[in-house]
1. Got a number for residues in the stretch 126-175 being under 16 Å from Thr63 (Cα atoms), surrounded by fewer than 19 Cβ atoms within 10 Å (Cβ to Cβ) and among the aliphatic types (A, V, I, L, M)?
2. Given the residues Thr317, Thr329, Thr365, which is the only one that is within 20 Å of Asn412 (Cα to Cα) and among the β-branched types (Val, Ile, Thr)?
3. State which residue pairs qualify: first residue part of a strand (DSSP E or B) and inside the stretch 169-181, second residue of a type in the set (A, V, I, L, M) in any location, beta carbons under 7 Å apart, and separation of 6 or more residues or different chains.
4. Scan the stretch 194-211 for residues that are among the acidic types (Asp, Glu) and over 12 Å from Ile237 (Cα atoms) and jot them down.
5. Mind listing just one residue for me: the one in the stretch 263-281 that is surrounded by 17 or more Cβ atoms within 10 Å (Cβ to Cβ) and assigned to a loop (DSSP other than H, G, I, E, B) and, of those, nearest to the chain's Cα centre (by Cα)?
6. Output the number of the condition that Leu330 fails; it satisfies all remaining conditions of (1) part of a strand (DSSP E or B); (2) hydrophobic (A, V, I, L, M, F, W, C); (3) crowded, with 19+ Cβ neighbours inside 10 Å.
7. I'm told Asn112 meets every condition in (1) assigned to a loop (DSSP other than H, G, I, E, B); (2) within 30 Å of Lys359 (Cα to Cα); (3) out of contact with any helix residue (DSSP H, G or I) (no Cβ under 7 Å at 6 or more places or on another chain) except one. Can you identify the failing condition by its number?
Amino acid sequence: MSSVIRHAKATKPILIPYNGDLDAGDVNRVQNLSGGTTQPFTMLYEHGREDKMAVDKDILNTTAKMTQLEYGEMDTYLLLANLASTPVNGLTLDDFSDAKVDMYITGKDDYNGVLEQTMWLPKLTVNSLTINIADANARIERSFDFSGDKFRMEREGNKYLIYKKNVVDSGYSEDPYAIVLNDPAPVVNPNHAGQYLARVWRIRSGVTTELNVTTDYTWTNGTTTLSVLSATTGDIIKVIYTAASYGTAGDPTSLNDVDDYYLKASYITVSLQSGAGSEIELDKLTSLNIAATLNRIDEGVLGNDEKILKEVQSKTTVVRLDGRVKDSTLEEVLMGQAGNNWGEIDADLFASDITLRVKIYEDATKTSFKIGYKVTDMFFTDTTEDANANEFWKDAVTLQSDNLTISGLEANIDA
């Protein structure tokens, strides 16, 4: 039965990687999802006039937030980094720097029902990612913050958003390179007469370039043919458009009942190490939070209606460890004296080469490694010990660095 309002069970996000030879992918285990935009503007006045004479609208500020249950798989991270596989030493913050994704969120009338509309957030960049374990009984969560500058709601005759990827094979020899888009065929954009393709872009030798109609490609609606005017073997041509159906490929969303549904706080080990000193497992922690931020410039350029400059200026990783006080084991690690029964803890002498390792296993037996997070070269920023009357003491320590490694290979976390 169709609902008059939309339930979360009737929606699912899909990510389209902007770079690389990658297909679109579902995002699984999503717990919270939001996407929206704001319109920066200036109301213009002049001497001799009471009311505004015009509104100067700036480029949109689009944001999205997503929280997933940790389920021990790298697939979402790889989509966000536009990578087909994890780099040999693990995924790092630098891998997200130049990556972009189109997020689209299918909205149906009910679970497994009829599609009513699609929210499309083009070319989002990752601004931050957080791994959070709220308490000892909690399910582990990942959270992501994104930004962009476009916001689309595809509906009515344009409600099906379609992504196609073509690789120019070795047998190609003559321009133009023709791609027939008839399953399903594009429909015209009601806001732009004659526009059937929302975006066409090419990846050549690792470089991504958006193609312009007429100068770089043409579209023949009668034969539903995209003609790329200049192509070479190995070019990856990607296309996004709207259609009246999903075509024979069918609904792109699917349920993942193969991977773990969640992983809990009891499935992890957390350790600290200073330099080449002893690695100490932290067994009195009550919560853990790792927040990595990519501090980007977000600027437009002359002659363009998008914010082209989104380079990362700096990276910040903040680690917060909350636990119970016993004998300052954690602070002994910060002194660089782990396991040495050090006689005085002096915050002036805390080390700046601290490594955090978080290993997440399949279950509480901790025999089957699933995924891990590592932050190196951390330094102390603050600590507080406190207790209310008739309660046990608590200890909160915050550390900071500028890196994060994520890997499904335990050796990368141990390194």
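The values are calculated or read from the model by the stated rules, or taken from the named source; none is laboratory data. Owing to the predicted nature of the structure, the values given are computational and were not obtained by experimental measurement. Using ideal geometry, Cβ is built from the backbone for each residue, glycine included, and neighbour counts are taken over all protein chains shown.
1. Summing the residues that are under 16 Å from Thr63 (Cα atoms), surrounded by fewer than 19 Cβ atoms within 10 Å (Cβ to Cβ) and among the aliphatic types (A, V, I, L, M) in the stretch 126-175 gives 1.
2. Thr317
3. If the second residue must be of a type in the set (A, V, I, L, M), the pairs left are Tyr177/Val168; Tyr177/Val228; Tyr177/Ala231; Ile179/Leu226; Ile179/Ile237.
4. Result: no residue meets the conditions.
5. Per the criteria, the residue is Leu263.
6. Unmet for Leu330, out of (1) part of a strand (DSSP E or B); (2) hydrophobic (A, V, I, L, M, F, W, C); (3) crowded, with 19+ Cβ neighbours inside 10 Å: (1).
7. (2)
For every residue, the table says whether it meets (1) crowded, with 17+ Cβ neighbours inside 10 Å; (2) in contact (Cβ under 8 Å) with a residue 60 or more places away in the chain; (3) assigned by TED's automatic domain parsing to the domain that holds Lys123.
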{"site": "Ile16", "(1), (2), (3)": "yes, yes, yes"}
{"site": "Asp21", "(1), (2), (3)": "no, yes, yes"}
{"site": "Glu46", "(1), (2), (3)": "no, no, yes"}
{"site": "Val55", "(1), (2), (3)": "no, no, yes"}
{"site": "Lys65", "(1), (2), (3)": "no, yes, yes"}
{"site": "Glu70", "(1), (2), (3)": "yes, yes, yes"}
{"site": "Leu79", "(1), (2), (3)": "yes, yes, yes"}
